[in-house]
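Contents: one structure, followed by commentary.
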Amino acid sequence: MRRTAPAATAEREAFEEAGLRGRLWSRTPIGSYWYRKEDEDFAGAIWVRVFVLAVYEQKKGWPERPERRTSWFTVKRAASLVEEPGLSRLLRRIPKIIVAQIKASAPKG
């Protein structure tokens with residue numbers, strides 16, 4: 001998805017892979033990490049930019065539903081379950097990032 005803005009790609013991937021609809025917390029990623037992917041179509045390193053999506057709905061059907069099983073976890077629990085160390089580190093930072101952004105946008109005075 002090289003010609004699509006990263007934020008738009010993140011929103012599309014969230015729907016295609018998990019049926020999620022929501023609003024990005026920011027159009028800027030909270031970070032990125034590398035991971036190794038190997039399947040019948042591709043083998044190599046993938047650079048992933050991570051965005052926070054405030055989810056308001058999970059559809060009953062979506063393009064990759066037959067290939068996926070979804071579960072909901074706290075950010076802390078999700079960080080302990082993912083296999084990629086870089087993603088785990090980013091997930092653990094989400095609460096601090098959100099609090100910092102809220103404080104920065106709060107009215108002064």
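The values are calculated or read from the model by the stated rules, or taken from the named source; none is laboratory data. Bear in mind that the values here come from a model prediction, so they are computed numbers and not experimental data. Counting neighbours? That spans all protein chains shown, and the Cβs are built from the backbone with ideal geometry, glycine included. We work out accessible area using only protein heavy atoms, side chains counted, and drop any ligands, DNA or RNA first. Shrake-Rupley method; radii C 1.70, N 1.55, O 1.52, S 1.80 Å.
Values for this structure:
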| quantity | calculated |
| --- | --- |
| Principal-axis tilt of helix 85-105 within the chain, Cα atoms, nearest 10 degrees | 30 degrees |
| Within the stretch 46-109, GluC sites (Glu not before Pro) in DSSP loop having at most 11 other beta-carbon neighbours inside 10 Å | Glu83 |
| Charge dipole (debye, nearest 20) of the chain; +1 at Cβ of Lys and Arg, -1 at Cβ of Asp and Glu | 780 debye |
| Angle in degrees between helix 6-18 and the longest Cα principal axis of the chain, rounded to the nearest 10 | 60 degrees |
| Scaled radius of gyration (Cα, divided by 2.2 N^0.38 Å) that the stretch 52-109 gives | 1.49 |
| Of all accessible heavy-atom area on the chain, the percent that carbon and sulfur account for (1.4 Å) | 53 percent |
| Lysines whose Cα lies under 23 Å from that of Lys76, excluding same-chain neighbours fewer than 8 positions away | Lys96, Lys103 |
| The chain: most fluctuating residue of Val82, Val48, Val99 per GNM, C-alpha cutoff 10 Å | Val99 |
| Using a Förster distance of 22 Å, the FRET efficiency for Ser71-Glu16 (Cβ separation, nearest 0.05) | 0.80 |
